[in-house]
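Comments concern the structure below.
The values are calculated or read from the model by the stated rules, or taken from the named source; none is laboratory data. Predicted model, so just to flag it, every value in this text is computed and none were measured. FYI the Cβ positions are ideal-geometry reconstructions off the backbone, even for glycines, and counts take in every protein chain you see.
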Amino acid sequence: MTYVPGVTCPAEYRDVKDANECQRLAIQYGHTFEGKLTEDGNWIHGCFEWYDTKYADGGNPKGSFLKVYWNERPGATEGVYGGHKPCVYNPQ
């Protein structure tokens with residue numbers, strides 16, 4: 001698993017598929033899965049690592065907080081805060 005600053009996973013990585021996979025990965029990597037959000041405009045769509053500082057104010061370094069959420073907000077590529085997006089290794 002890796003984190004990306006944007007919303008597109010790099011080559012050989014893929015998006016986390018759903019909230020169940022997000023929860024499983026959070027636990028596997030020592031994070032806490034906090035739950036599912038619905039249409040929360042503060043965050044990107046899908047699985048993300050939460051942080052407490054708005055993106056415009058600098059955000060937070062990856063891994064600085066251990067809270068992970070799933071936000072059901074299809075098509076959303078930005079939010080007020082943003083969130084660090086985890087990507088799953090998926091060699092072709």
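Yes or no: region 13-30 includes at least one residue that is modelled with pLDDT of 90 or more, more than 20 Å from Glu72 (Cα to Cα) and in a helix (DSSP H, G or I).
Yes - at least one qualifying residue is present in region 13-30.
Here is a list: Gly59, Gly41. Which entry is exposed (fewer than 13 other Cβ atoms within 10 Å of the Cβ), of a type outside the set (Asp, Glu) and at pLDDT below 90?
Numbers: Gly59 fails: exposed (fewer than 13 other Cβ atoms within 10 Å of the Cβ).
Criteria check complete, one pass: Gly41.
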